[in-house]
1. Taking 0.36 nm per intervening residue step and subtracting the Cα-Cα distance, what contour gain separates residue 321 from residue 261 on full extension?
2. Ordered by packing density, taken as the mean number of other Cβ atoms within 10 Å over each peptide's residues, highest first, how do 29-35, 310-316, 321-327 rank?
3. Percentage of Cα-Cα pair distances in the stretch 309-454 greater than 28 Å, rounded to whole percent?
4. What shape does the stretch 403-454 have by the C-alpha gyration tensor, where a ≥ b ≥ c are the square roots of the eigenvalues, rounded means a/c under 1.5, and otherwise prolate means a/b greater than b/c and oblate the rest?
5. Starting from the Cα gyration tensor of the chain, take the square roots of the eigenvalues, sort them a ≥ b ≥ c, and report rounded, prolate or oblate (rounded when a/c is under 1.5, otherwise prolate if a/b is larger than b/c, else oblate).
6. Separation between the residue 347 and residue 221 pseudo-spin-labels, each 7 Å from Cα along Cα→Cβ, expressed in nm?
7. Quickly rank 147-158, 392-403, 294-305 as a protection proxy: mean count of other C-beta atoms within 10 Å, highest first.
8. Under the definition of Cα pairs under 8 Å and six or more residues apart, what whole-number percent is the relative contact order of the chain?
Ligand code: GLN
C-alpha cells in the first residue's frame, strides 16, 4: 500500500509506470501473507517490484512503449518474470521505456517521456531524462515507487539509466537470463537484469531472475551462484584493469575524477590497478549501430497488423496496404529510423560492406577483452560520459544520443557482465556511476568489486 500510495502521488509527474496493476498487486500481497503464515517463504516473498513493459506478463497489457502493441495482452508470462513470481515477488505494474527499448533517454515511448526523480533539485524549471531505455524502471526505484525492477540491456539500457538515477543495475553475461517472453530488439545483444538501490539488492534479484531455460536456445546451462554472498568477498588480491582507450578527450572532469577515486578505493581495499588496452573499443559504437538495427529490422518484421496489437486498414484495400498503414501508424520515428538502417545494412550489395564487416569487428572487440582478462580480473570504467541531461537536449541529433552509449556497448558486443554502481555526485548534485565489466559468467567478481565502490 505504501508503494501504491507513492505511485498515485508521484507517477503523474514522473510517468515511470505505463500500467499500474494495483488490484493484482494487493491480491498478490495477500497471497504472499498467506504463504508467510504457512511458513513457505520465497527468496523475494512480498517484495514489490516494477516490471519493464518489455517483459510479457500473462493477462497484463504489454506495450514495449509502442503504439503498435497498445492493445497487446500476452497469454503467457516471460521466464524472468515467472521466476520472480515463483520466489514470491509482488508486481506493482509495468514500467515505461523507450519504444522497443531503442533509446538512451526514455523520450521515445508512445506513453510519453519519463522524468528523472533527481530533476528540479537545484533548478525547478529543468526536467532531466532518467536515461534509457529502462528509464521507467530506474526512475521508479530511485523515487521509492518500487524496491527493485526488471530491465533489459542491449547497448546500455540497464547501466545508463541506473547511473543517471543514482541506483545500481547489472547486465549479466549473455545467456544468464532467459529471453523467452521478452519483446526482442537485437537478439544477440539483449539481456535482462535488475535495477535496485544497492549492489546487494541487484545480487539478490539476479539470483531469482537467472537460470537455464530450454525455451531460449541461447540460454546458458550453468549453475547460478549465490551472488549476494559474492558481494562480501572483498577485492583483496584482485587485479583491476583500466582501459586506456576509454580516456576520451573532452570527458567531463568530474567523471575523470570519479574514475580515479574509484580506482583509489579499490587499491585501498587491497586490489591492484593495471592499465590495459582494448584497441578496437573505438569501433564499438559504429559496430553496435549496425548490428543492433540489423537485428531489430528483422525482429520487428512480425508487427504486420495481423498477428499482434493494432491493425489499420481501409475497406477494400489489400494485404500490402494493411502492412503499410499499420506500420506507418504504429511505429515512432526512432524505430522507423532503425528499421531503415537495418534493412539497408542487410540488403544485397551492402551486406558485406556493413553487416559482415561489423560482425568481424565484433569478433575483434571480443578478443580484446579476452586478452585483457589474461592480465586482470575485472575492468573499471565510467558508466556514462556525462550526468543526466535535459529532456529537450539531443532530441533532434540521433548521433549525439548514440554517443551516450560509448562506455556500455562493448560489454553487449562481447557478451560480458557489466554493473553500474552509484559512486558519486557531480557539481550540481546529480548522480554519477562507475561501471565494472567482468569475465563471462563471473558476475561474482563483478559484484565483489561493485560492492566495494558503493
Ligand atoms: N541506447 C542504446 C540504443 O538505443 C541501447 C538501448 C538498449 O540497451 N536497449 O540502442
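1. Going from the current span to full extension adds 15.8 nm.
2. 321-327, 29-35, 310-316
3. That tail contains 45 percent of the Cα-Cα pairs.
4. oblate
5. rounded
6. Going by the 7 Å Cα→Cβ label model, 4.2 nm.
7. The densest-packed peptide leads the list: 147-158, 294-305, 392-403.
8. Relative contact order of the chain: 18 percent.
Readers should treat all values here as calculations from the given coordinates under stated rules, not as data from a laboratory. Please read all numbers here as calculations on a predicted model, not as lab measurements. Heads up, the Cβs are rebuilt from the backbone with ideal geometry, glycines too, and the neighbour counts pull from every protein chain shown.
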